[in-house]
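Contents: one structure, followed by commentary.
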Amino acid sequence: MTGPLRAKDVSQAFGHGLLPKIVEGTWAKLKRPVKLGILTEADTGNFATKQ
């Protein structure tokens, strides 16, 4: 898959499940690489690699 991914998609790709609390945890974990400059948040909740 190319382009930005939602936390739900990332959670599903890792096989963690789609319960709201699991997806929210994935979302919180994706925010750290955004702060470090590794990922970007294209739109609210859409995460992509920095180019």
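Go through F14, I38, A48 and say which Cα lies farthest out towards the positive end of the charge dipole of the chain; charges sit on Cβ, +1 for Lys and Arg, -1 for Asp and Glu.
I38
Can you give the helix-only mean residue ellipticity at 222 nm for the chain, where every DSSP H stretch with n ≥ 4 adds -39500 (n - 2.57) and the sum goes over all residues, rounded to the nearest 500 deg cm²/dmol?
-14500 deg cm²/dmol
Would you work out the relative contact order for region 9-51, in percent, from Cα pairs under 8 angstrom that are 6 or more residues apart?
Averaging sequence separation for qualifying contacts and normalising by length gives 22 percent for region 9-51.
Once both axes come from the Cα atoms, what is the angle between helix 20-36 and the longest principal axis of the chain, in degrees from 0 to 90, rounded to 10?
Rounded to the nearest ten degrees, it is 20.
Of the peptides 44-50, 26-32, 6-12, 16-22, how do they stack up when ordered by the mean number of other Cβ atoms within 10 Å, highest first?
6-12, 26-32, 44-50, 16-22
So if I place +1 on the C-beta of Lys and Arg and -1 on the C-beta of Asp and Glu, and nothing else carries charge, what would the dipole magnitude of the chain be about its Cα centre? I want it in debye, nearest 20.
About 180 debye.
Label T40 and K21 with points 7 Å out from Cα along Cα→Cβ: what is the distance between them in nm?
Output for this residue pair reads 3.5 nm.
Find the eigenvalues of the gyration tensor of the Cα atoms of the chain, then list the square roots of 5 times those eigenvalues as equivalent ellipsoid semi-axes, largest first, in whole angstrom.
For the chain, the ellipsoid semi-axes come out as 18, 12, 8 Å.
Output wanted: per-residue J couplings in Hz (rounded whole) for region 10-15, from phi through Karplus 6.51 cos²θ - 1.76 cosθ + 1.60, θ = phi - 60°, x for Gly and Pro.
My calculation for region 10-15 gives 5, 4, 5, 5, 7, x Hz in order.
A short reminder: the numbers here are calculations on the coordinates, not readings from a lab. All values reported here derive from a predicted model rather than from experimental measurement. Glycine also receives a Cβ, built like all others from the backbone with ideal geometry; neighbour counts cover every protein chain displayed.
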